[in-house]
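Presented below is the structure to which this report refers.
The values are calculated or read from the model by the stated rules, or taken from the named source; none is laboratory data. This one's a predicted model, so the numbers in the text were calculated from it and none came from an experiment. Cβ: placed from backbone, ideal geometry, glycine included. Neighbour counts: every protein chain shown. Just so you know, the surface numbers come from the protein's heavy atoms only, side chains and all, with ligands and any DNA or RNA stripped out. Shrake-Rupley method; radii C 1.70, N 1.55, O 1.52, S 1.80 Å.
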Amino acid sequence: MIEKETDLFKPVKSYLEHHGYKVHAEVDRCDIVAEREGELTIIELKKHFSVALLTQAVERQRITDRVYVAVPVPDGRTVPFNYRGMVLLLKRLEIGLLLVHISDTAFRVEAALHPLNYTVLKDRKRQRTVTREIKGRVGEYNTGGSRATDKQITLYRQNTVQVALYLDILGPSSPAALRSAGTCRKTGSILRKNYYGWFIKPARGLYVLSKKGREDLNDYPELLSYYRSLFYKRFPEDGAAGSKGADI
């Protein structure tokens, strides 16, 4: 039983991985970006076939020729309602179709239609944005089809979590000191913009983690584990010291 779009993510992800793709969720507003041998494939997930779904899929064709929509097959049916009309329209738009059959005990994904090459000029800047995002991620923590953008792990949020954790470990630090410890080259911008309200500047050139920042870090246990391990592999002598930060 499909109750929300995220219910489609696991079956489609498993299907793609079975066919040799590396799967990334929620990249630059795309539900799923899959890559294999340097080629990008985008899949948009929807509970129902709709104009909104087609609009999303056509917009994704600016990034890659390989765009699919994935929709569930209602219980007791072999294809969705108005299947013939759906396929006719998708063929005209050169968009692929994945049908997701889900029962209480199993699921099956069927590639009912593969996309043709789309002739509209590609947005190379958007391609680079998607590619840079998926190459920079250290793990896959999102669920495709989710619209809870405040919880999605984007590359920016991932880098901000690392900066915040390292501040918590090191105490008051400059952007240069944090970069030397291993944070990204945009560390200074992350601290200055302070988009999530995680940082405080107590003195010129120095930043500390705010109380809100320390509390919010608890929402990212997997990222914290990854970056903490990375830090103490690089600086094992600091392992016994623990966090030097103080509540603000």
Exercise. Does Leu8 satisfy being modelled with pLDDT of 90 or more, under 27 Å from Ser103 (Cβ atoms) and either in contact with a helix residue (DSSP H, G or I) (Cβ under 9 Å, 6 or more places away or on another chain) or buried (at least 21 other Cβ atoms within 10 Å of the Cβ) (or both)?
Worked result: yes
Seminar exercise, completed: When every residue in region 175-226 that is farther than 24 Å from Lys135 by Cβ, small (Gly, Ala, Ser) and surrounded by fewer than 16 Cβ atoms within 10 Å (Cβ to Cβ) is compared, the one farthest from the chain's Cα centre (by Cα) is Ala203
For this session: Go through region 85-114 residue by residue and tally those that are open to solvent by less than 90 Å² (accessible area, probe 1.4 Å) and at pLDDT 90 or above.
Result: 19
For this session: Give the number of residues within region 36-46 that are out of contact with any Gly (no Cβ under 9 Å at 6 or more places or on another chain) and under 13 Å from Ile63 (Cα atoms).
Result: 3
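In this structure, is Ile32 open to solvent by less than 60 Å² (accessible area, probe 1.4 Å) and more than 16 Å from Val109 (Cα to Cα)?
no
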For this session: Answer yes if at least one residue in region 65-77 is modelled with pLDDT under 90, open to solvent by less than 80 Å² (accessible area, probe 1.4 Å) and more than 21 Å from Arg132 (Cβ to Cβ), and no otherwise.
Result: yes
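What strands (runs of 3 or more DSSP E) completely inside region 9-122 contain at least 1 residues that are more than 25 Å from Tyr156 (Cβ to Cβ)? Full working, then the answer.
Values: elements: 22-27, 30-36, 39-45, 67-72, 96-102, 107-113.
Where strands (runs of 3 or more DSSP E) fall fully within region 9-122 and carry at least 1 residues being more than 25 Å from Tyr156 (Cβ to Cβ), they are 30-36, 39-45, 67-72, 96-102, 107-113.
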Exercise. Out of Asn117, Asn82, which single residue is at pLDDT below 90, under 26 Å from Arg36 (Cα atoms) and out of contact with any strand residue (DSSP E or B) (no Cβ under 7 Å at 6 or more places or on another chain)?
Worked result: Asn117
Exercise. So which residues in region 123-137 are in a loop (DSSP other than H, G, I, E, B) and either open to solvent by 50 Å² or more (accessible area, probe 1.4 Å) or modelled with pLDDT of 75 or more (or both), if there are any at all?
Worked result: Asp123
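Each row is one residue, and each column tells you yes or no for (1) at pLDDT 90 or above; (2) in contact with a strand residue (DSSP E or B) (Cβ under 6 Å, 6 or more places away or on another chain).
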| position | (1), (2) |
| --- | --- |
| Glu3 | no, no |
| His18 | yes, no |
| Tyr21 | yes, yes |
| His24 | yes, yes |
| Arg36 | yes, no |
| Leu53 | yes, yes |
| Gln56 | yes, yes |
Seminar exercise, completed: For region 198-227, pairs from a residue that is in contact (Cβ under 8 Å) with a residue 40 or more places away in the chain and β-branched (Val, Ile, Thr) to a residue that is part of a helix (DSSP H, G or I) and open to solvent by less than 80 Å² (accessible area, probe 1.4 Å), with Cβ under 8 Å and 6 or more apart or across chains, are Val208/Leu167
For this session: Write out, first by first residue and then by second, each pair whose Cβ atoms fall under 9 Å of each other, whose residues are 6+ apart or on separate chains, and whose first residue, in region 68-87, is of a type in the set (Asp, Glu) while the second is open to solvent by 10 Å² or more (accessible area, probe 1.4 Å).
Result: Asp75/Met1; Asp75/Ile102; Asp75/Ser103
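Listed here are the residues, each with its yes/no results for (1) of a type in the set (A, V, I, L, M); (2) within 22 Å of Thr129 (Cα to Cα).
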residue: His18; (1), (2): no, no
residue: Lys22; (1), (2): no, yes
residue: Arg36; (1), (2): no, yes
residue: Leu40; (1), (2): yes, yes
residue: Ile43; (1), (2): yes, yes
residue: Lys46; (1), (2): no, no
residue: Ile63; (1), (2): yes, yes
